[in-house]
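The structure appears right after this line, and notes come after that.
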Amino acid sequence: MEKKRFRGSMVAIVTPFQADGSLDWDAMARLIALHIQEGTHALIVCGTTGETPTLTAEERHALLTFSIKEAAGRIPVIAGTGTNNTVEAVAMSREAEDLGADGLLVVTPAYNKPTQEGMLHYYNAIMSATSLPVVLYNVPGRTASNLLPETVAKLAEHPHVVGIKDATGNMMVASDIVEQCGDRLDLLSGDDFTALALMALGGKGWISVTANIVPAQMVEMYNAFVAGDIAKARRLHYTLQPLNRAMFLQSNPIPVKAALSLMGYCKNTLRSPLLPMQGASLEGLRTILRNQGLVD
């Protein structure tokens, strides 16, 4: 049986909050509708950009339930279920499957720095507990644990593994993954500035922060590349570069939340220890957005 794949321009969607810090369901509905309208290929809910570390178990459950209902089968919903407690990650993954998620994005464990064998055990425990397709997620800059290409190749033997979100920013790592795994899993960019470059190495798309604010342009760049119009894809890449840089002027998702607020999609509210962008930084972001024609 052929593996279910997640390819294209996928968004690591923010979690909108009200001014008092509660979940903003109206804003979440607007954002999901935007991505369906603009052709985004999948929603990643409860990921890093969604401020998952500060969400309660009840809020994660509610967000997934709401997102799946709003998507209504028009766009795949992939649930972020990775954590640094294997038992909890297994439980979250089972819950996501029960709620009707289309797939799982599972980040390597943060802080406790497992060995490669430890990460194999972690992923295999999750995949033994659910039948959903799994996208591995390697972001050493946040987790302090690095999933090596040879470990990825071992995991790619499992029928549930369909891809890896690579946020190392390292072209050698990306090349090694494709070389060692071939078509057994899809390489996906986890850093917007590498989105086009990883496609050239054999990637099949990206999980994007920038797509929160310009979903149509990210979809257009993907479509141009797969249609063979490399010149157009390259032009779009360089057009998007100021936004890609802007989304990491401060820790993600601080800038993207600020941008969406300036664009009228949600409030500029984050949960501590993240604080909203303000002052000169916010005005600098506004200038970048204005230059891109996104705000007045």
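Based on alpha-carbon centroids, what's the gap between region 37-86 and region 228-293 in Å, whole number please?
Result: 21 Å between the Cα centres.
Whole-Hz Karplus ³J(HN,Hα) for region 187-192, in order, using 6.51 cos²θ - 1.76 cosθ + 1.60 and θ = phi - 60°, x for Gly and Pro?
7, 10, 6, x, 10, 4
Place a label point 7 angstrom from the Cα of ALA216 along the Cα-to-Cβ direction, then list the residues of region 10-54 whose backbone nitrogen is under 14 Å away.
What the label zone holds, given the 14 Å backbone N cut-off, is 34-40.
Quick one: dipole size for region 1-148, taken about the Cα centre, charges +1 on Lys/Arg Cβ and -1 on Asp/Glu Cβ, in debye to the nearest 20.
520
What is the local net charge at ASN170, summed over the other residues whose Cβ is closer than 13 Å to its Cβ (Lys, Arg +1; Asp, Glu -1)?
Working: positive: none; negative: ASP166, ASP176, ASP191.
So the surrounding residues net to -3.
Under 18 Å from the 7 Å Cα→Cβ point of ASP20, by amide nitrogen: which residues of region 244-277?
So the set is 267-272.
In what order do TRP25, TRP206 fall by count of nearby beta-carbon atoms within 10 Å, going from fewest to most?
Ascending Cβ contact count within 10 Å gives the list TRP25, TRP206.
Could you list THR15, THR115 in order of exposure, starting from the residue whose Cβ has the fewest other Cβ atoms within 10 Å?
THR115, THR15
Sort HIS158, HIS237 so the one with the fewest other Cβ atoms within 10 Å of its own Cβ comes first.
HIS158, HIS237
For the chain, what is the charge dipole size about the Cα centre, in debye to the nearest 20, if Lys and Arg each add +1 at the Cβ and Asp and Glu each add -1 at the Cβ?
Using only the charged Cβ atoms, the result is roughly 500 debye.
By DSSP, what percent of the beta bridges with both residues in region 8-229 are antiparallel, rounded to the nearest 5? Before the final figure, lay out each step's value.
On the way: 1 of 28 bridges.
Within region 8-229, antiparallel bridges account for around 5 percent of the total.
Below 8 Å between Cα atoms, with a sequence gap of 6+, how large is the relative contact order for the chain in percent?
Numbers: 539 pairs, mean separation 55.3, N = 296.
Over the chain, the number comes to 19 percent.
For the pair LYS4/VAL295, report the inter-label distance in nm, with labels modelled 7 Å from Cα in the Cβ direction.
Taking the simple label geometry, LYS4 and VAL295 are separated by 3.8 nm.
Quick check: from the Cα gyration tensor, does region 8-229 come out rounded (a/c under 1.5), prolate or oblate?
oblate
What is the local net charge at LEU188, summed over the other residues whose Cβ is closer than 13 Å to its Cβ (Lys, Arg +1; Asp, Glu -1)?
Residues near LEU188 contribute 0 overall.
Can you work out the FRET efficiency for the pair ARG245 and ALA200, with r the C-beta to C-beta distance and R0 = 25 Å, to the nearest 0.05?
In this case the efficiency is close to 0.80.
Separation between the LEU148 and GLU58 pseudo-spin-labels, each 7 Å from Cα along Cα→Cβ, expressed in nm?
4.4
Between the DSSP loop rule and a limit of at most 10 other Cβ atoms within 10 Å, which GluC sites (Glu not before Pro) in region 126-230 are left?
Passing both the DSSP loop test and the Cβ count: GLU157.
Quick one: grab the alpha carbon gyration tensor of region 226-288, order the square roots of its eigenvalues as a ≥ b ≥ c, and give me rounded if a/c is under 1.5, else prolate or oblate depending on whether a/b is larger than b/c.
Prolate is the answer for region 226-288, as a/c is 1.5 or above and a/b outweighs b/c.
Each reported figure results from applying straightforward, stated rules to the coordinates on display, with no laboratory input. None of these values were measured; they are calculated from a predicted model. A quick note on method: Cβ atoms are made from the backbone with ideal geometry, for glycine too, and the neighbour counts reach across all protein chains shown.
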